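> Got a structure for you, written out below as structure tokens; questions coming shortly.
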Amino acid sequence: MALETTRYSARRRVRGSIAMAILLGAFALLIIYIYPSFAEASADIDALMESLPESFREGMGVESYSTIEGFVAAELYQFLWILLLGLYMAYIAGETFSDDIESKRLYLVLSTPISRSRFHLETTLALLTPLIILNVVIPLVVFGGTIAIDYPVDPYYLAAVHLLSVPYHLVCMGIGAVLSVTFVRGNTAELSGISIVFLLFLLDSVTVGSDFERLGAISPTRYIDPTEILLHETLAVGDALILLSVALLLIFGSMILFQNRDI
């Protein structure tokens, strides 16, 4: 049956994805509902941020709290959506194949009439489950929350943040997938994926505006900026295409490694 492995693996991830959507949605509402108190003192807060080093403001994506767009971008999307969800995607991808190899379950799966490449592809497609659920639920929560406090964000650019961040999360997933077929132990692949994504995030953050800014170009976070999209209404489609190309390369590379590794 077509995509049977995808359906089976996706069903196993639905419950966790829904739980994560509820937690992130609750946190997003908390952030949104405290904005009116920040709006009253936004001029003082913006003045304080202006006194911070430019490299810090650019690296952390903190630019302005005088608008709901700048506030949501800094407090919600820069860290929760970009960093934490990126770490999560690397983590779940890191456990995907290495756990099956370590537990010997993969022997049973590959004893059935399914090729390694098909198993890899269908299992990788199942990893999209949390991304699909979160990218449906969270923008609705954010948009509804901002309407409720009478500071509505532009739904077009809110949707753009989610759409253009998908390639970034696919890169994080690709990093985890490569590590998952490289290491024998699942814990090693999971922790390595989290470490690499976090270090790449730090590399971009600390090199912005410095003499070593070019080094940050290897970080995927350099190519997605929620503040630019929400606050300045700038859509860097070219950067998203770069991330998508890298993601496909990583996923294809993990497939080649999986086909050739001795299990």
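> Going by how many other Cβ atoms sit within 10 Å of their own, how do Tyr91, Tyr65 line up, fewest first?
The order, fewest Cβ neighbours first, is Tyr91, Tyr65.
> Could you give each residue of the range 210-227 its phi-based ³J(HN,Hα) in whole Hz, using Karplus coefficients 6.51, -1.76, 1.60 with θ = phi - 60°, and x for Gly or Pro?
Here the 3J(HN,Hα) series is 10, 5, 9, 4, 5, 4, x, 5, 7, 8, x, 5, 5, 9, 9, 9, x, 5 Hz.
> Here is a follow-up. Got a sec to turn the phi values of the range 140-147 into Karplus ³J(HN,Hα) couplings, 6.51 cos²θ - 1.76 cosθ + 1.60 with θ = phi - 60°, whole Hz, x for Gly and Pro?
5, 5, 5, 5, x, x, 5, 5
> Nearest 0.05, what FRET efficiency do Ile147 and Arg12 give at R0 = 35 Å with Cβ-Cβ as r?
With a Förster radius of 35 Å, E is 0.50.
> While we're here: Quick one: order Leu203, Leu179 by neighbouring beta-carbon count within 10 Å, fewest to most.
With the sparsest Cβ surroundings first, the list reads Leu203, Leu179.
> Another question about this same structure. What FRET efficiency comes out for Arg261 versus Leu30 if R0 is 35 angstrom and r is the Cβ-Cβ distance? Round to the nearest 0.05. The partial results should precede the final answer.
Numbers: r = 44 Å, r/R0 = 1.27.
Using R0 = 35 Å, I get an efficiency of 0.20.
Quick note: the coordinates plus some simple rules give every number you see, no bench work behind them. Since the structure is predicted, the reported quantities are computational estimates derived from the model, not experimental observations. Glycine gets a Cβ as well: all are built from the backbone with ideal geometry, and neighbour counts include every protein chain shown.
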